[in-house]
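For reference, the structure discussed in these notes is given below.
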Amino acid sequence: MGGKYRVTGKAYPRMRRPRRRGRLVLSAVAAVVALGMAGWGTLQLVDVFTGSDKQASAAGRPKTCSSPAPAPPAKALPKPGAIKVNVYNATPRSGLAKSAADELKKRGFVIGEVDNAPAAYDKKVPGPGLLLGAPTAADGAFPVLATQLPGTEQKTDARKTADIDLIIGTKFKAFSTPAAAASALGALAKPAPSPSPGC
């Protein structure tokens with residue numbers, strides 16, 4: 001060829017357009033993404049209709065809840081008929097010791113001495129009453145008698161006998177109703193079981 005199409009030198013011009021590699025790479029990436037999405041969607045559908053392995057294993061696995069705590073044994077408390085009560089009046093109201101003793105006798109308690117309180121306690125019991133007895137009474141006679149008169153103070157002394165003293169205080173109004181006292185006594189005899197831990 002001559003003129004402007006004349007070829008000079010050893011290199012020849014390429015007669016076709018160079019391939020666009022960018023388009024090929026983009027097409028390949030798009031195809032891979034499309035295949036991945038299709039596979040993921042298929043797995044999701046399979047899980048929905050058949051249930052996944054995780055759900056199956058969770059359903060088959062036994063719960064790890066601990067068994068409820070066993071109820072504590074019933075506490076052995078003395079019956080009112082086994083408790084001898086001395087009733088003393090530490091208030092200025094006359095006749096209070098006798099009326100209180102009569103009511104306790106109706107409820108099954110054995111009544112001992114009925115009198116005014118000794119000088120050490122006379123007009124010196126600010127609450128509804130004071131229970132006084134041997135140390136062994138703290139876990140037996142005291143809580144039983146306290147169900148009849150809530151709010152009583154409890155104190156032990158050096159006596160060797162099983163009788164206990166009820167010293168009526170200035171805030172004494174009345175004993176609990178028989179129903180309330182029986183309910184409180186039942187709660188003492190059968191303590192509530194401790195709650196079991198949750199799952």
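The values are calculated or read from the model by the stated rules, or taken from the named source; none is laboratory data. This one's a predicted model, so the numbers in the text were calculated from it and none came from an experiment. With ideal geometry, Cβ positions are generated from the backbone for all residues, glycine too; neighbour counts draw on all protein chains shown.
Structural remarks
- The single condition from (1) touching a residue at least 60 places away in the same chain (Cβ under 8 Å); (2) among the small types (Gly, Ala, Ser); (3) touching a Leu at 6+ places or on another chain (Cβ under 6 Å) that Gly129 fails is (1).
- Restricting Thr91, Thr147, Thr156 to residues that are under 29 Å from the mean Cα position of the chain (by Cα), hydroxyl-bearing (Ser, Thr, Tyr) and surrounded by 15 or more Cβ atoms within 10 Å (Cβ to Cβ) narrows the list to Thr147.
- Matching residues, the range 145-167, being part of a loop (DSSP other than H, G, I, E, B) and free of Cβ contacts under 8 Å to residues at least 40 places away in the same chain: Leu149, Pro150, Gly151, Thr152, Asp157, Ala158, Arg159, Lys160, Thr161
- Residue match in the range 131-140 (condition: among the β-branched types (Val, Ile, Thr) and surrounded by 15 or more Cβ atoms within 10 Å (Cβ to Cβ)): no
- Qualifying residue in the range 100-111 (condition: at positive phi and either at pLDDT 95 or above or in a helix (DSSP H, G or I) (or both)): yes
- Test for Lys160: is it more than 20 Å from Ala82 (Cα to Cα) and among the basic types (Lys, Arg): no
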